[in-house]
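The values are calculated or read from the model by the stated rules, or taken from the named source; none is laboratory data. Keep in mind that this is a model prediction, so the values were computed, not measured. Positions of Cβ are generated from backbone atoms using ideal geometry, with glycine treated the same way; all protein chains shown enter the neighbour counts. All accessible areas refer to the heavy atoms of the entire protein, side chains included, with ligands and DNA or RNA removed. Shrake-Rupley method; radii C 1.70, N 1.55, O 1.52, S 1.80 Å.
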Amino acid sequence: MATGADVRDILELGGPEGDAASGTISKKDIINPDKKKSKKSSETLTFKRPEGMHREVYALLYSDKKDAPPLLPSDTGQGYRTVKAKLGSKKVRPWKWMPFTNPARKDGAMFFHWRRAAEEGKDYPFARFNKTVQVPVYSEQEYQLYLHDDAWTKAETDHLFDLSRRFDLRFVVIHDRYDHQQFKKRSVEDLKERYYHICAKLANVRAVPGTDLKIPVFDAGHERRRKEQLERLYNRTPEQVAEEEYLLQELRKIEARKKEREKRSQDLQKLITAADTTAEQRRTERKAPKKKLPQKKEAEKPAVPETAGIKFPDFKSAGVTLRSQRMKLPSSVGQKKIKALEQMLLELGVELSPTPTEELVHMFNELRSDLVLLYELKQACANCEYELQMLRHRHEALARAGVLGGPTTPASGPAPAPPEPAVSEPGLGSDPSKDAIIDVVGAPLTPNSRKRRESASSSSSVKKAKKP
């Protein structure tokens, strides 16, 4: 005999665990079997939104009620595409082969085309797109009073306006169809100037007082110069084009060097200001009484630029901190400055990690900040001396070449290094005077020269700091 579990298995019913264990079938299981199936399938096909994905993006993929999106594009019956054409039950409108004329044509030509029978006798619909230019018309009296010109006859003016109406102010076509045998030979600019001059005169004469005039203006001189410049630009030789490109490249180099020089001067000015501010601060602290020293520090703290030495972080957070943490160099100090600072401290006989008492920490940080500031000043001074030496040498080279036109003056100071050979552009020929004049602005330094100069400046700054 079949049990309830067998019946449930045959009908593919899934109920609660209690019913399955007892083997009984409820009335709801037999009446609504599909609802339970859909509920079960919806529970198994739930997908969780990945972390980091927005809700709107996840909703575009699929929802909880649908299956996962297919890997390949598929065409289903759902969507905007319709399988069958929805034809109405109305009768088809009849079409008829009928003649028509275009109102835009003046020759009365007759044409034929298919058209709906209900539109028979109507005007040609595309005739409204035939737009014509309104060319002004003048009388004999107006011409004699306002439009008379010694360089133009009335017959020539009438011929110009007739061609303007025929060809809709296409002045290139007008110039091509102009009767140069009967009349004087005119250019396109002459035709335009005469036409717009007459239009402006007629607009001024026929204008109603108190209305805003829209007077056409044509500058024939500007148009002639523009075409002349275009012709010159088009007729350039390859050598001229290459020379212009070379000059543009040199101009970009000059501008880049100028910006770099301005930036270096600003950095140098910041360093000088920082050194003066630090010296003034030390002088004020020495003159101030010892009891009021901390109050003076908080009340009258001068504004020191960020480039002044080292800016140590302040530990003001809650919790236990070690005093030795204040002596750690910040990450903004590069490895090169750290090595130079350690070398200078060793030369001065100062320990790299002294006992972190309150007074020692404060004085040790100030000493390192002053040493870094001194290192930057020495480096900036070495850069300026090197650039001054290079400019002196270039000045001497130009004076010897006779480019400057003045007598050669011996440069004071150490003997400069030999000049670098001027590199000429390919295809332009060597022009030493032009290259020398352009390079006077200041040539960029090579990486090797920068490294040699920086190493020399660091060693010199250490030796000078060691001296009393």
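Under the condition of being of a type in the set (D, E, K, R) and under 21 Å from residue 179 (Cα atoms), which residue from the range 131-161 is surrounded by the most Cβ atoms within 10 Å (Cβ to Cβ)? Working first, answer last.
Step one: filter the range 131-161 for residues of a type in the set (D, E, K, R), giving 131, 140, 142, 149-150, 154, 156, 158.
Retained after the next criterion (residues that are under 21 Å from residue 179 (Cα atoms)): 149-150, 154, 156, 158.
Working: 149: 13, 150: 5, 154: 14, 156: 17, 158: 12.
So, considering only residues that are of a type in the set (D, E, K, R) and under 21 Å from residue 179 (Cα atoms), the one surrounded by the most Cβ atoms within 10 Å (Cβ to Cβ) is 156.
Return the pairs, sorted by first residue and then second, in which the second residue is of a type outside the set (Ser, Thr, Tyr) and open to solvent by 60 Å² or more (accessible area, probe 1.4 Å), the first residue lies in the range 167-180 and is more than 20 Å from residue 132 (Cβ to Cβ), the beta carbons are less than 6 Å apart, and the residues are 6+ apart or on different chains.
Note: no pairs meet the criteria.
When residues of the range 227-260 are filtered for being outside any helix (DSSP H, G or I) and either touching an Asp or Glu at 6+ places or on another chain (Cβ under 7 Å) or among the β-branched types (Val, Ile, Thr) (or both), how many remain?
The total comes to 1.
Any idea which of 128, 105, 116, 93 is in contact with a Lys or Arg (Cβ under 7 Å, 6 or more places away or on another chain), at pLDDT below 90, at negative phi and exposed (fewer than 15 other Cβ atoms within 10 Å of the Cβ)?
Going through 128, 105, 116, 93 in turn, the sole match is 93.
Can you run down the residue pairs with Cβ atoms below 8 Å, 6 or more apart or on separate chains, where the first is in the range 202-230 and open to solvent by 100 Å² or more (accessible area, probe 1.4 Å) and the partner is outside any loop (DSSP other than H, G, I, E, B) and of a type in the set (A, V, I, L, M, F, W, C)?
If the second residue must be outside any loop (DSSP other than H, G, I, E, B) and of a type in the set (A, V, I, L, M, F, W, C), the pairs left are 214/203; 217/200.
Taking the criterion of being within 19 Å of residue 205 (Cβ to Cβ), within 56 Å of the chain's Cα centre (by Cα), modelled with pLDDT of 90 or more and assigned to a loop (DSSP other than H, G, I, E, B), would at least one residue in the range 149-160 satisfy it?
Scanning the range 149-160, I find no residue that is within 19 Å of residue 205 (Cβ to Cβ), within 56 Å of the chain's Cα centre (by Cα), modelled with pLDDT of 90 or more and assigned to a loop (DSSP other than H, G, I, E, B), so the answer is no.
For residue 176, are the conditions met, namely being out of contact with any Ser or Thr (no Cβ under 7 Å at 6 or more places or on another chain) and either open to solvent by 60 Å² or more (accessible area, probe 1.4 Å) or at pLDDT below 90 (or both)? Walk me through it before giving the result.
Details: out of contact with any Ser or Thr (no Cβ under 7 Å at 6 or more places or on another chain): yes; either open to solvent by 60 Å² or more (accessible area, probe 1.4 Å) or at pLDDT below 90 (or both): yes.
For residue 176, the condition - out of contact with any Ser or Thr (no Cβ under 7 Å at 6 or more places or on another chain) and either open to solvent by 60 Å² or more (accessible area, probe 1.4 Å) or at pLDDT below 90 (or both) - is met.
Taking residue 141 as the residue in question, decide whether it is out of contact with any Phe, Trp or Tyr (no Cβ under 9 Å at 6 or more places or on another chain), free of Cβ contacts under 8 Å to residues at least 24 places away in the same chain and part of a helix (DSSP H, G or I). Can you show your working first?
On the way: out of contact with any Phe, Trp or Tyr (no Cβ under 9 Å at 6 or more places or on another chain): yes; free of Cβ contacts under 8 Å to residues at least 24 places away in the same chain: yes; part of a helix (DSSP H, G or I): yes.
Yes, satisfied.
Filter the range 328-353 down to the residues that are touching a residue at least 24 places away in the same chain (Cβ under 8 Å) and either aromatic (Phe, Trp, Tyr) or over 24 Å from residue 379 (Cβ atoms) (or both) and list them by number.
353
Pick from 280, 285: which is closer than 30 Å to residue 374 by Cα, modelled with pLDDT under 90 and out of contact with any helix residue (DSSP H, G or I) (no Cβ under 9 Å at 6 or more places or on another chain)?
Answer to the check: 280.
Residue 191 passes all but one of (1) surrounded by 15 or more Cβ atoms within 10 Å (Cβ to Cβ); (2) farther than 30 Å from residue 149 by Cβ; which number fails?
Result: residue 191 passes all but (2).
Return only the number of the condition from (1) out of contact with any Leu (no Cβ under 6 Å at 6 or more places or on another chain); (2) crowded, with 18+ Cβ neighbours inside 10 Å; (3) more than 16 Å from residue 312 (Cβ to Cβ) that residue 391 does not satisfy.
(2)
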